[in-house]
Amino acid sequence: MLPRRLFLEAAGGAALAALAHRSPEAASPATVEREAAGGASVPGSTPRFCIFSKHLPDLEWGDLAAATIDMGFDGIDLTVRPKGHVLPERVAEDLPRAADAIKAKGTTISMISTEITSADQPTARAIFAAAGKAGIGLIKVGYWKYALKDVRAEVAAMGRDLAGLATLAKQHGVTIGVHNHHGNLGSALWEIAPHIDPLDPGAIGYYFDPRHAFAEGGGVGWKAATLLVAPRLKMIAVKDMFWAKGPKGWAIQNCPMGEGMLDWPWFATAITRASFAGPISVHLEYEIPGTSPEEKRRNTMAAARRDLEFTTRQFASASQAKA
């Protein structure tokens, strides 16, 4: 498995090399490093790498788990939303079934991605309750759109929604992560931090996306945002981008990891120094070719392996430097 091999080469050491022949289920990059340290979690050096299930929408739960293991990931960022791997209206019945099917194949659900933006939404309580019962502790919530009329009032309204969601999360023993998605409220993290910071850090934190932070604040802005969220960072999404000028002007182009403008060695070092050990969800937002669903799936899995290889190498290097 290429990502695991590269991780071993980057990390070095006889203890790690001895684990190279473990089964795929037990030998993902993060698992190798944990077990080399005697089975304990190593703060800041053992993030769990998961695949965003959005990119393999046609796979059933068991097949998704098998593909996850084959690609070298530690777990799954499972979509629980319309057209997702679990439908919100069936979450009470299907999320436990999905969790069991995925566990039976030898992997796990690291987090779930939802479209919930208010505790008053009809499926909010059911999703939080089902996640809590299934032992899935991390939930990505949805997005709030700018009306661009009274921005202060819009941000304040989002803050009230987040307070309600944090209360609901605490009731069900889960933690929500707010994703800083380019173009939505909260993408400029400075505007939403004053509303999140007073809330229970066990119930709410940040689902940080450096690509979207870069789109909102290139230069030093995205690095400042990284450090801003680090104390209560719950999950990370990784993807890459660059700016390109076309016939209609400048536009964002998504691309494979390492082919864009982000300074990944700096980011991996900052996250490692923050002792982050949560899930890192790999996203493939760039165009992946395929003339049939089968070819598209194969190409998607190949792209995911490649992006995982790059990402694990960045964090292995940062961990080695810290040691």
Open item on the list: Tally up the residues in the stretch 199-230 that are surrounded by fewer than 16 Cβ atoms within 10 Å (Cβ to Cβ), of a type outside the set (A, V, I, L, M) and modelled with pLDDT of 95 or more, please.
Closed with: 3
TODO: Taking Gly221 as meeting all but one of (1) small (Gly, Ala, Ser); (2) out of contact with any helix residue (DSSP H, G or I) (no Cβ under 6 Å at 6 or more places or on another chain); (3) in contact (Cβ under 8 Å) with a residue 60 or more places away in the chain, write down the number of the exception.
DONE: (3)
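Identify all residues within the stretch 73-98 that are out of contact with any Ser or Thr (no Cβ under 6 Å at 6 or more places or on another chain), outside any loop (DSSP other than H, G, I, E, B), open to solvent by less than 20 Å² (accessible area, probe 1.4 Å) and not charged (D, E, K, R); write none if there are none.
Answer for the stretch 73-98, where residues must be out of contact with any Ser or Thr (no Cβ under 6 Å at 6 or more places or on another chain), outside any loop (DSSP other than H, G, I, E, B), open to solvent by less than 20 Å² (accessible area, probe 1.4 Å) and not charged (D, E, K, R): Val86, Val91, Leu95, Ala98.
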Open item on the list: Please verify whether Leu64 is farther than 17 Å from Thr175 by Cβ, within 19 Å of the chain's Cα centre (by Cα) and open to solvent by less than 10 Å² (accessible area, probe 1.4 Å), treating the condition exactly as stated.
Closed with: yes
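Each row is one residue, and each column tells you yes or no for (1) under 17 Å from the mean Cα position of the chain (by Cα); (2) assigned to a loop (DSSP other than H, G, I, E, B).
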{"residue": "His182", "(1), (2)": "yes, yes"}
{"residue": "Ile192", "(1), (2)": "no, no"}
{"residue": "Pro198", "(1), (2)": "no, yes"}
{"residue": "Pro201", "(1), (2)": "no, yes"}
{"residue": "Tyr206", "(1), (2)": "yes, no"}
{"residue": "His212", "(1), (2)": "yes, no"}
{"residue": "Ala215", "(1), (2)": "no, no"}
{"residue": "Gly219", "(1), (2)": "no, yes"}
- [ ] Specify the residue that is nearest to Gly75 (Cα to Cα); the eligible residues are those in the stretch 221-255 that are charged (D, E, K, R) and in a loop (DSSP other than H, G, I, E, B).
- [x] Lys239
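Take the conditions of a type in the set (Val, Ile, Thr), surrounded by 14 or more Cβ atoms within 10 Å (Cβ to Cβ) and within 19 Å of Ala169 (Cβ to Cβ) and apply them to Ile196. Does it pass?
On the way: of a type in the set (Val, Ile, Thr): yes; surrounded by 14 or more Cβ atoms within 10 Å (Cβ to Cβ): yes; within 19 Å of Ala169 (Cβ to Cβ): yes.
When the stated conditions are applied, Ile196 passes them.
The values are calculated or read from the model by the stated rules, or taken from the named source; none is laboratory data. Quick caveat: nothing in here was measured; it's all calculated off a predicted structure. FYI the Cβ positions are ideal-geometry reconstructions off the backbone, even for glycines, and counts take in every protein chain you see. Heads up: the accessible areas ignore ligands, DNA and RNA and are worked out on the full protein's heavy atoms, side chains in. Shrake-Rupley method; radii C 1.70, N 1.55, O 1.52, S 1.80 Å.
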